[in-house]
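The values are calculated or read from the model by the stated rules, or taken from the named source; none is laboratory data. Note that the structure is predicted; figures quoted are calculated from it, not measured. Because the Cβ atoms are built from the backbone with ideal geometry, glycine has one as well, and the counts that use them run over all protein chains shown.
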Amino acid sequence: MSLLYEGALQDLVEEFGRLPGIGPKSAQRMAFYILQSDAADVEALATALREVKRRVHFCTICGNVAEDEKCVICKDERRDRTIICVVEEPKDVVAVERTREFRGLYHVLGGSIDPMAGIGPDDLRIKDLLPRLQSGEVTEVVIATDPNLEGEATATYLVRLLSSVGLTVTRLASGLPVGGDLEYADEVTLGRAFEGRRIAV
């Protein structure tokens, strides 16, 4: 990003520009919004940023966001503990929960296999999934990775890895747009994909 302003304003534009999906014009608009906002509103935003870094981390069991050692889903005794849905990111947990079709537990990988970006299976939380399957309580793993190239590569790897574990491995049904992200799928489409999930091969 070229130098447009000086000092603190330029620093703010550059920091906003580092956020994913924020281009130079959006970064500039956000910086001027902050500049024109009330001091109390800006302080509230700064406090929220500090608090999220201080209090929020990842669940020690599933990798979802949490403020305690376990996330709210892992702590919920009403969840079906015989089924685990594997997703890429915590935002995908939110997308699946919106459907109200799934009442099991989750496992968040923390990304997807992407050789072009240097991300392999060992860089994800795949090795943390296997111990969760050893007790025999889990009977089904639903693979709900994004319907894009990286998501498909991750799903294929997981299907091969889990084929010898002795439980049912399923994939979401078709209907999700290829190349998309779970978080952008509407509740009805994603819900039907869960209802129609199929045995992974």
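Check LYS75, LYS25, LYS53, LYS70 and return the single one that is among the charged types (D, E, K, R), free of Cβ contacts under 8 Å to residues at least 12 places away in the same chain and surrounded by 14 or more Cβ atoms within 10 Å (Cβ to Cβ). Just a single option satisfies the conditions, and that option is LYS70. Tell me, yes or no, whether region 81-99 has at least one residue that is assigned to a helix (DSSP H, G or I), out of contact with any Pro (no Cβ under 7 Å at 6 or more places or on another chain) and farther than 21 Å from ILE143 by Cβ. Checking region 81-99: not a single residue is assigned to a helix (DSSP H, G or I), out of contact with any Pro (no Cβ under 7 Å at 6 or more places or on another chain) and farther than 21 Å from ILE143 by Cβ. Looking across region 106-118, the residues that are modelled with pLDDT of 95 or more and part of a strand (DSSP E or B) come down to TYR106, HIS107, VAL108.
Look through ILE34, ILE61 and report the one residue that is at pLDDT 95 or above, within 30 Å of ILE119 (Cβ to Cβ), not charged (D, E, K, R) and not assigned by TED's automatic domain parsing to the domain that holds THR145. Matching residue, one of ILE34, ILE61: ILE61. Residues of region 122-149 that are outside any loop (DSSP other than H, G, I, E, B) and touching a strand residue (DSSP E or B) at 6+ places or on another chain (Cβ under 8 Å): ARG132, LEU133, GLU140, VAL141, VAL142, ILE143.
Condition (residue is surrounded by 14 or more Cβ atoms within 10 Å (Cβ to Cβ), more than 21 Å from THR156 (Cβ to Cβ) and either touching a residue at least 40 places away in the same chain (Cβ under 8 Å) or not assigned by TED's automatic domain parsing to the domain that holds LEU167 (or both)) applied to region 106-125: is it met by at least one residue? Within region 106-125, not a single residue is surrounded by 14 or more Cβ atoms within 10 Å (Cβ to Cβ), more than 21 Å from THR156 (Cβ to Cβ) and either touching a residue at least 40 places away in the same chain (Cβ under 8 Å) or not assigned by TED's automatic domain parsing to the domain that holds LEU167 (or both).
For region 31-50, which positions are of a type in the set (S, T, N, Q) and either under 19 Å from GLN10 (Cα atoms) or touching a residue at least 12 places away in the same chain (Cβ under 8 Å) (or both)? Correct list: GLN36, SER37. For region 130-149, the set of residues classified as acidic (Asp, Glu) and under 12 Å from SER112 (Cα atoms) consists of ASP146 only.
Within region 146-166, restricting attention to residues that are buried (at least 16 other Cβ atoms within 10 Å of the Cβ) and within 17 Å of ILE83 (Cβ to Cβ), the residue that is nearest to the chain's Cα centre (by Cα) is ALA155. A count restricted to region 64-92 and to residues that are in contact with a helix residue (DSSP H, G or I) (Cβ under 9 Å, 6 or more places away or on another chain) and either closer than 17 Å to ALA155 by Cβ or of a type in the set (S, T, N, Q) (or both) stands at 8. In this structure, VAL159 does not qualify as modelled with pLDDT of 95 or more and in a helix (DSSP H, G or I).
Checking each residue of region 21-40 against the condition of being within 15 Å of the chain's Cα centre (by Cα) and under 30 Å from VAL142 (Cα atoms) gives no match.
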